[in-house]
Every structure is written in structure tokens, then in C-alpha cells.
């Protein structure tokens with residue numbers, strides 16, 4: 001039996017329960033993405049523009065085709081929360097790559113109704129930074145998976161997932177949102193922040209690549225330096241791609257790097273520095289007076 005779900009701006013029909021999303025009534029249109037059981041090859045052929053085999057976990061393999069079909073091969077015991085974390089994380093990132101988006105590894109918040117992205121490696125503090133902004137009244141619009149592309153008007157846009165944030169225990173103890181009951185997912189505390197937001201499209205104003213340092217500091221990057229940074233912080237397996245797929249990826253990174261400011265953001269590891277970090281970024285985003293433009 002399958003259920004309908006709505007997230008990432010997509011109608012998803014899944015044979016696997018995805019309680020994070022809340023079920024949708026039976027739709028009068030075909031789903032955008034179908035997730036179902038089936039057999040997945042145990043080898044990993046080269047990744048093409050519209051097909052990818054992902055063996056993300058010893059207990060399951062995934063075959064993503066055409067940005068609309070996800071086959072899940074359950075091969076051993078796998079905890080349902082782990083499976084859901086994979087399906088709603090990396091697998092959806094691969095779906096969006098096939099649909100023509102650049103799937104950044106980032107969290108996003110709204111500042112003045114525009115999206116600010118925080119990119120980085122695992123445990124760089126992307127979700128923690130987004131949660132700190134949420135505490136200051138800035139909605140979280142995506143966490144971990146941030147598909148972006150440049151639209152026909154030359155704007156970089158984000159297709160958000162839903163309003164949630166996943167935090168490690170130390171950050172959750174400090175930043176836990178009020179009136180939210182956390183659930184464990186992939187070793188993190190997941191907080192659903194706004195059940196009404198199931199995937200809006202937002203204009204991206206700026207992207208910050210987070211790195212740890214002694215002080216809060218920012219460095220602006222030109223397109224040539226920003227492009228490889230975007231490529232690094234992306235759900236793309238570069239070495240396994242065909243030449244055609246890799247060239248498409250490079251074009252997407254270059255287009256995004258040329259459409260928004262990309263900056264390195266240094267922050268201390270201490271959670272006590274987060275309020276200062278929020279104030280620093282808001283000042284950095286403030287428009288320059290006319291005389292300084």
C-alpha cells in the first residue's frame with residue numbers, strides 16, 4: 001500500500017511510511033516521484049544525467065531514474081528512521097540532480113524574505129547555525145538538502161524541503177525550539193518547526209560556507225573560487241559520473257556561483273558565540289548606503 005506525501009514542492013507516492021511529512025489525500029494527478037520496492041543492481045555503474053545507483057547503507061540500495069522513480073532494495077535489517085533519513089536526504093538530493101537542480105549540502109533560513117544558505121562538511125554547524133537564526137525569528141526553510149538553480153530571470157532560487165532542523169544533543173540542549181517535541185533520526189534530534197510549509201520556492205540572497213576558526217570573520221569569493229567550493233559542498237559523487245553528467249554539474253555550479261555572493265564564514269566552535277554570529281551575518285547582509293555602492 002502506498003501513501004501520498006507533499007515535500008520539496010513535489011507530490012511523492014511511497015510504499016514506505018514517511019511520517020515526517022504527514023499524509024496527503026489521494027491526488028487527482030500523477031505523482032511527481034514514486035518510491036517503491038524492487039531489485040537494485042549490486043554494482044554501481046557510472047552516474048548518468050538520469051540514472052544513479054546509490055548503495056548508501058549495508059541494509060538497502062537505491063536506484064534513482066529520471067528524477068521521478070526511486071527503487072528501494074531492502075537487503076538486511078535497517079531501522080525505519082535510518083531508511084527515512086536516507087530517502088528524505090541523499091536520495092532526494094539525487095532526485096533533484098536528475099531534475100536539473102544543484103543539490104547543495106546546506107541549511108537555509110529566511111532573512112527579509114530571502115534565503116540565506118549555510119554550506120559545509122558534516123558537523124560544520126549548518127543546522128546549528130540555522131537553529132540559532134530560528135531563535136532570532138528567522139524561519140528555517142530547509143535543512144541538509146538544498147536544491148538550487150538559476151531561473152530564466154537570472155535569479156538563484158531554492159526549492160525548500162519542509163521546515164525542520166536536526167541537531168546533535170549538545171546543540172539541541174541549547175537551541176531546542178519551543179513547543180516542538182523532537183524525534184530521533186539518524187542519531188540527531190529532529191524538530192518539525194512548521195507543518196504548513198511543505199516546500200516553497202525562495203530567492204537565494206547569499207551562500208556562506210561555514211568553517212571553524214578562532215573568531216567570526218567573512219571572506220568574499222569571486223566566481224572562480226566560489227564554483228569549486230559549491231561543487232565540494234554538494235550531494236554529487238564526482239568520480240563516479242560520466243563526462244556528460246560531470247560537465248552538466250560544472251555548468252550548474254558556475255551558473256549559481258555567478259548569480260549570488262558566495263562567502264567563507266569562520267565561526268568559533270562554542271555555542272555561546274551563536275548570537276554574535278547571527279548579528280554578524282545580519283550586518284554583513286545589510287545593504288550598503290548609496291554613497292558606498
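Here are 186, 67: which of them is modelled with pLDDT of 95 or more and either surrounded by fewer than 23 Cβ atoms within 10 Å (Cβ to Cβ) or over 13 Å from the mean Cα position of the chain (by Cα) (or both)? Give the steps one after another, and end with the answer.
On the way: 186 fails: modelled with pLDDT of 95 or more.
Step by step, each of 186, 67 is checked, and only 67 is modelled with pLDDT of 95 or more and either surrounded by fewer than 23 Cβ atoms within 10 Å (Cβ to Cβ) or over 13 Å from the mean Cα position of the chain (by Cα) (or both).
Kindly evaluate residue 94 against the criterion of being part of a helix (DSSP H, G or I) and within 20 Å of residue 57 (Cα to Cα).
Working: part of a helix (DSSP H, G or I): yes; within 20 Å of residue 57 (Cα to Cα): yes.
Spelling it out, residue 94 is indeed part of a helix (DSSP H, G or I) and within 20 Å of residue 57 (Cα to Cα).
Residues to consider are 138, 134; find the one that is assigned to a loop (DSSP other than H, G, I, E, B) and either modelled with pLDDT of 95 or more or not assigned by TED's automatic domain parsing to the domain that holds residue 13 (or both). Can you show your working first?
On the way: 134 fails: assigned to a loop (DSSP other than H, G, I, E, B).
Testing whether each residue is assigned to a loop (DSSP other than H, G, I, E, B) and either modelled with pLDDT of 95 or more or not assigned by TED's automatic domain parsing to the domain that holds residue 13 (or both) leaves just 138.
Just to be sure, is residue 76 modelled with pLDDT under 85 and surrounded by fewer than 16 Cβ atoms within 10 Å (Cβ to Cβ)? I'd like the intermediate steps shown before the answer.
Numbers: modelled with pLDDT under 85: yes; surrounded by fewer than 16 Cβ atoms within 10 Å (Cβ to Cβ): yes.
Against the criterion (modelled with pLDDT under 85 and surrounded by fewer than 16 Cβ atoms within 10 Å (Cβ to Cβ)), residue 76 qualifies.
Please count how many residues of segment 247-257 are without any contact (Cβ under 8 Å) to a residue 60 or more places away in the chain and either more than 15 Å from residue 103 (Cβ to Cβ) or crowded, with 21+ Cβ neighbours inside 10 Å (or both).
Residues flagged as without any contact (Cβ under 8 Å) to a residue 60 or more places away in the chain and either more than 15 Å from residue 103 (Cβ to Cβ) or crowded, with 21+ Cβ neighbours inside 10 Å (or both) within segment 247-257 amount to 3.
Does residue 282 count as in contact with a strand residue (DSSP E or B) (Cβ under 8 Å, 6 or more places away or on another chain), over 19 Å from residue 95 (Cα atoms) and buried (at least 18 other Cβ atoms within 10 Å of the Cβ)?
Values: in contact with a strand residue (DSSP E or B) (Cβ under 8 Å, 6 or more places away or on another chain): yes; over 19 Å from residue 95 (Cα atoms): yes; buried (at least 18 other Cβ atoms within 10 Å of the Cβ): no.
Against the criterion (in contact with a strand residue (DSSP E or B) (Cβ under 8 Å, 6 or more places away or on another chain), over 19 Å from residue 95 (Cα atoms) and buried (at least 18 other Cβ atoms within 10 Å of the Cβ)), residue 282 does not qualify.
Consider residue 49 carefully, then state whether it is assigned to a helix (DSSP H, G or I) and either buried (at least 20 other Cβ atoms within 10 Å of the Cβ) or out of contact with any strand residue (DSSP E or B) (no Cβ under 7 Å at 6 or more places or on another chain) (or both). When the stated conditions are applied, residue 49 does not pass them.
With respect to residue 28, is the statement that it is surrounded by fewer than 19 Cβ atoms within 10 Å (Cβ to Cβ), over 24 Å from residue 246 (Cα atoms) and modelled with pLDDT of 95 or more true? Write out each step before concluding.
On the way: surrounded by fewer than 19 Cβ atoms within 10 Å (Cβ to Cβ): yes; over 24 Å from residue 246 (Cα atoms): yes; modelled with pLDDT of 95 or more: no.
For residue 28, the condition - surrounded by fewer than 19 Cβ atoms within 10 Å (Cβ to Cβ), over 24 Å from residue 246 (Cα atoms) and modelled with pLDDT of 95 or more - is not met.
Yes/no per residue for (1) touching a helix residue (DSSP H, G or I) at 6+ places or on another chain (Cβ under 6 Å); (2) assigned to a strand (DSSP E or B); (3) at pLDDT 90 or above:
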| residue | (1), (2), (3) |
| --- | --- |
| 72 | no, yes, yes |
| 86 | no, no, yes |
| 105 | no, yes, yes |
| 124 | no, no, no |
| 149 | no, yes, yes |
| 157 | no, yes, yes |
| 165 | yes, yes, no |
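The values are calculated or read from the model by the stated rules, or taken from the named source; none is laboratory data. All values derive from a computational prediction rather than experimental measurement. With ideal geometry, Cβ positions are generated from the backbone for all residues, glycine too; neighbour counts draw on all protein chains shown.
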